[in-house]
Amino acid sequence: MAAANVIPDEQVLCVPTRALYSEVGRWRGLTEPTSEIWRAIARNSLFKPRAQLEYDPSYKQLVSYTLFISGRRIFVMQRLEAQGEERLRGLLSVGVGGHMNPVQDIPWPGRRRIADLKNLVTVNTIREIKEEVILAGAPPLRIVGFLNDDDNEVGKVHLGVVSVVRLTSPLLAVRETDKMLGRWAELLELGQLGTGTLTFETWSSLVLQGLV
């Protein structure tokens with residue numbers, strides 16, 4: 001999201017980029033959620049005002065990024081002009097989510113336990129799912145990896161925590177239809193979708209390479 005659209009005092013979870021890379025190395029794309037990465041984030045992450053971080057690559061803001069799959073179909077969305085993050089408008093996406101905010105019952109950094117960090121991430125991910133889409137019941141959530149990309153301006157300041165929700169039936173709808181259009185697509189047709197005037201955002205392209 002552009003800095004002008006950011007709530008000035010919104011606190012978001014972030015990790016110093018140098019500290020993260022010094023412990024786990026630099027990577028591009030989707031990588032497994034190893035204990036090494038969880039430990040590095042637990043040791044170094046903190047909450048800072050989002051407005052200070054949007055264009056500061058010395059920090060990675062943690063962002064949930066959730067995919068919805070039903071059988072051999074995946075939910076694909078198009079970001080519209082009303083979308084807050086102006087750098088992603090008009091692009092196709094397979095992930096919904098947002099920043100990690102403080103949770104009242106989970107002190108952080110606190111004792112910096114990995115279990116607390118995972119709890120914090122899960123609570124924020126479920127909150128973002130409920131804000132972005134309409135689905136029945138509690139989402140069966142599984143974290144599948146960390147997504148990183150320093151090759152573009154959005155990726156330089158964010159670190160994705162990628163989750164997959166597998167639904168037995170494709171019953172799902174976008175909540176804010178002024179910001180996003182959504183439909184189910186066969187996994188095999190994803191290559192055809194990302195052609196012509198419609199292209200996938202970089203994160204979606206990278207995560208699909210890692211999962212499909």
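Numbers at a glance
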item	result
Close pairs (9 angstrom Cβ cut-off, 6 or more residues apart or separate chains): aromatic (F, W, Y) in region 91-110, surrounded by fewer than 20 Cβ atoms within 10 Å (Cβ to Cβ) and assigned to a loop (DSSP other than H, G, I, E, B) anywhere	W108/P102
Cβ pairs under 6 Å, 6+ apart, first in region 130-155 and in contact (Cβ under 8 Å) with a residue 12 or more places away in the chain, second small (G, A, S) and not in a loop (DSSP other than H, G, I, E, B)	I134/A173; L141/S163; I143/S163; L147/G160; D149/G155
Residue count for region 21-48, restricted to those that are surrounded by 15 or more Cβ atoms within 10 Å (Cβ to Cβ) and more than 18 Å from R113 (Cβ to Cβ)	6
Count of residues meeting criterion [under 16 Å from the mean Cα position of the chain (by Cα), among the basic types (K, R) and in a strand (DSSP E or B)] in region 26-63	1
Residue match in region 90-106 (condition: more than 20 Å from T34 (Cβ to Cβ) and surrounded by fewer than 13 Cβ atoms within 10 Å (Cβ to Cβ))	yes
Scope region 64-74; condition at negative phi and not in a strand (DSSP E or B); matching residues	R72
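Only the coordinates and a few stated rules stand behind these numbers; no lab work does. These numbers come from a predicted model, not from an experiment. Positions of Cβ are generated from backbone atoms using ideal geometry, with glycine treated the same way; all protein chains shown enter the neighbour counts.
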